[in-house]
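Only one structure is covered here, and it is reproduced in the block below.
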Amino acid sequence: MLARVTSLALLGIKAYPVQVEVDLAPGLPAFNTVGLPDGAVRESKERVRAALTNSGFYLPVNRITVNLAPADVRKEGSGFDLPIALGILAAAGALPAEALLGLAVAGELALDGAIRPVRGALSMSVAAAQEGLKTLIVPEENAAEAAVVQGVEVLSAQRLDQVVAHLLGREPLCRVAADSAALLVQAGEEGPDLNEVRGQEHVKRALTIAAAGGHNVLMVGPPGSGKTMLARRLSTILPPLTFPEAIEVTQVASVAGALAAGDALVTTRPFRAPHHTVSDAGLIGGGTVPRPGEVSLAHHGVLFLDELPEFKKSVLEVLRQPLESGQVTVTRALASVDFPARFMLVAAMNPCLCGFHGDRERQCTCSPQQVRLYQGRVSGPLMDRIDIQVEVPAVPFRELSAETCGPSSTQVREMVMEARHRQQQRLKSSKIFCNAQMTTRQTRQWCKLTPECLSLLERAMERFRLSARAYGRILKISRTIADLEGAEHIGMAHLSEAIGYRSLDRGLA
C-alpha cells in the first residue's frame, strides 16, 4: 500500500512543499527513510514507532519505506514526524486517503504521541497558501504564528490521536485565527526614552537624522560618554513596523528559533547587540544547513556593534556586502540560500586604546602610532559604508545635573515618521522606503544641488579626500535633513551639516 502526505520544509527563511510518500511492502520488518534526510529526519523512525504504539495504534509489521520528495534537496529538522506517522496509518488503511488531500502537516512527535513545536511555522503557512493548500495542521505552540497568513485554514493539534480523530471526522481540531491589524497595535510599552540621556544634543540630532533616513551611524567617544545608552534608544524613535515588514521579521525569528512560544507576530523592530567575540558565521549566518545570523535577525531593525575595533577584522569585513545589498547569500556544499539583512548599523568605539584621545579632562596615554593602529582596525571600505560619523564627548557635570531634558522618544518618532512619509511619497514607484536605500539613479534624481552647494561639496571632497561612495552618502544625508525640515530642495545648511558627519574622513588622530 502507498500513501502520500504533504508536508513543508525550510530553505533559508522560505518553505517549500515536500511529498512524504510511505510504502508498505511484504518482507522482513524494516523502516527506511530516503530523500536526503539529515540525522534528525533519519531518527524520526524511532519517535514515530514509539508515538504510534503509545497512542494506541497498530504499527504494521512490514517493510516501511519513506521517501521525501523532491529527493535531490537535503531535508533537516524534526517536523516530518507527524506526516510520516499519518502516512503509515493511511498506507495501513487506518486513515482514508482522501482525508489527506489539500492538507499540509508539520510537527515533531514525542514518544508518548504529544506534538512538539517546529521552527518556521509562519514560512510554512506562507508556502501552503501559495501552493493552494486549504488546511495546515501544526503544533499548538505554532498555531498563532501560522494563522497570521490569510488564505489557509490553520488547525492546532496537541496529540497524534487528536489529528487522527479529526481526519476520521470524529472530533474536529481547533481552528485558529489571527487579527493582523490588532497584532500591530502598539500598546504603549514601557521602555528606555531618549530624554533620559542628559546632554549630547548633537548626537541625538544625528540619531534623529539616521532614524529618519535609515542611515548607518558610528559614535566615537571616551568610556562613559553615553554611546551605548544612546544606541539602545535608537529603536524607540524608529517608525513602527508595517505588516509586510513584521511578516519578514517574524519569518527570520521563527526559522532561527528565536520566536517565543505562542507569539504570533514580532511587532517591534529588532535590536541585536552581538558580543565582539562573535564569529563571521554567527554574524552573517552559516552552518551545514545555513541558518540566519545576527545581521538577518536585525532585519528591519538595528544591529549594534559596541567596541567596534575589538571585533575580528575578518568579521567586520563580511559586513560590507550586506550593508550594500540588504541581503546575505550563504553558500554551502548542500545548499545556497539568501537571507534578508536590511538593517541599520549602529557602532560605537573609543578613539584610542585607553579611550581618552582628544579628551579635555583626562590625558591620553597612547602614542600617536598606537592611536593610528587602533583606529586602523576598522578598514576604510567599511568606514565608507557608515553614513554618519559623530563624536560623543564626555558630558559636563552641569548637563548631567540639569533638570531640563530634550524631547521624548515619542516626540522624536513623530518627526521621523513625517520625514519617512515624505520619502515614501517621493519613492512610491519603487520598492524602497527610505533615503539610505536609494540607488545611484534615484540619488541623482532627488538630490540635485544648486551651483553654490556643488561648489561647497567640491571643496569638501578635495580637502578631505572623500571617496565616490562618501559623496553619495553625503547627498542622501542632505536629502534626509531637508525632509526633516520639510524642505523641497537641499540647501546650504543641509549640505553643510551632512558634510560635518564625516568626522573620521577628516581624521581623528
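The values are calculated or read from the model by the stated rules, or taken from the named source; none is laboratory data. Computed from a predicted model, the values in this text were never measured in an experiment. Cβ coordinates were reconstructed from backbone atoms using ideal geometry, including for glycine residues, and neighbour counts include every protein chain displayed. Keep in mind that these areas ignore ligands, DNA and RNA; they rest on the heavy atoms of the full protein, side chains included. Shrake-Rupley method; radii C 1.70, N 1.55, O 1.52, S 1.80 Å.
Each Lys and Arg contributes +1 and each Asp and Glu -1, all at the Cβ; summed about the Cα centre of the stretch 301-363, the dipole is approximately 140 debye. Highest mean packing comes first when the peptides 142-155, 94-107 are listed by Cβ atoms within 10 Å, giving 142-155, 94-107. The Cα center of the stretch 1-50 and the Cα center of the stretch 101-147 differ in position by 16 Å. When DSSP beta bridges are restricted to pairs lying wholly in the chain, around 50% turn out antiparallel. Under a model in which nothing but the beta-carbon of Lys, Arg (+1) and Asp, Glu (-1) is charged, the chain shows a dipole of about 1400 debye around its Cα centre.
Note on K312: aspartates and glutamates with a C-alpha under 16 Å away, same-chain residues under 8 apart excluded, are D280, E294.
So what is the relative contact order for the stretch 9-94, in percent, with contacts set as C-alpha pairs under 8 Å and at least six apart? Kindly include the intermediate steps, with their values, before the conclusion.
On the way: 134 pairs, mean separation 38.2, N = 86.
So the answer I get is 44 percent.
Rg of the Cα atoms in the chain, relative to 2.2 N^0.38 Å, amounts to 1.17.
Sum up the charges of everything whose Cβ sits under 15 Å from the Cβ of P393, counting Lys and Arg as +1 and Asp and Glu as -1, but leave P393 out. After counting each charged neighbour, the total is +2. Could you tell me which of A348, V252, V41 has its Cα farthest along the dipole of the chain towards the positive end, charges placed at Cβ (Lys, Arg +1; Asp, Glu -1), taken about the Cα centre? Going by the Cα projections, it comes out as A348. Return the whole-Å distance between the Cα centroid of the stretch 458-501 and the Cα centroid of the stretch 254-314. Answer, in whole Å: 31.
The magnitude of the dipole of the stretch 1-120, with charges of +1 and -1 set on the Cβ of Lys/Arg and Asp/Glu and taken from the Cα centre, is near 120 debye. Defining a contact as two alpha carbons under 8 Å apart and six or more residues distant in sequence, what relative contact order in percent does the chain show? The value is 13 percent. Computed on the stretch 1-121, the Cα convex hull volume stands at 94 Å³ per residue.
Measure off, as a whole percent, the carbon and sulfur share of the 1.4 Å-probe accessible area of the stretch 231-321, all protein chains present. C and S fraction of accessible area: 51 percent.
Find, among the trypsin sites (Lys or Arg not before Pro) in the stretch 294-379, those assigned to loop by DSSP (not H, G, I, E, B) with at most 15 other beta-carbon atoms within 10 angstrom. Intermediate values should be presented prior to the final figure.
Details: sites: K312, K313, R320, R332, R342, R360, R362, R372, R377; in loops: K312, R332, R342, R360, R362, R377.
Those satisfying the criteria are K312, R332, R360, R362, R377.
Counting only residues at least eight positions apart within a chain, or on another chain, the lysines with an alpha carbon under 16 Å from that of K476 are K448. With the helix formula -39500 (n - 2.57) applied to DSSP H stretches of n ≥ 4, the chain reaches a computed 222 nm mean residue ellipticity of -10500 deg cm²/dmol.
A straight Cα-to-Cα reach below 25 Å connects K75 with the lysines K14, K45, K134, residues fewer than 8 places away in its own chain not being considered. Selection among M383, V295, L89 by position relative to the dipole of the chain gives M383 as farthest towards the positive end (Cβ unit charges, Cα centre).
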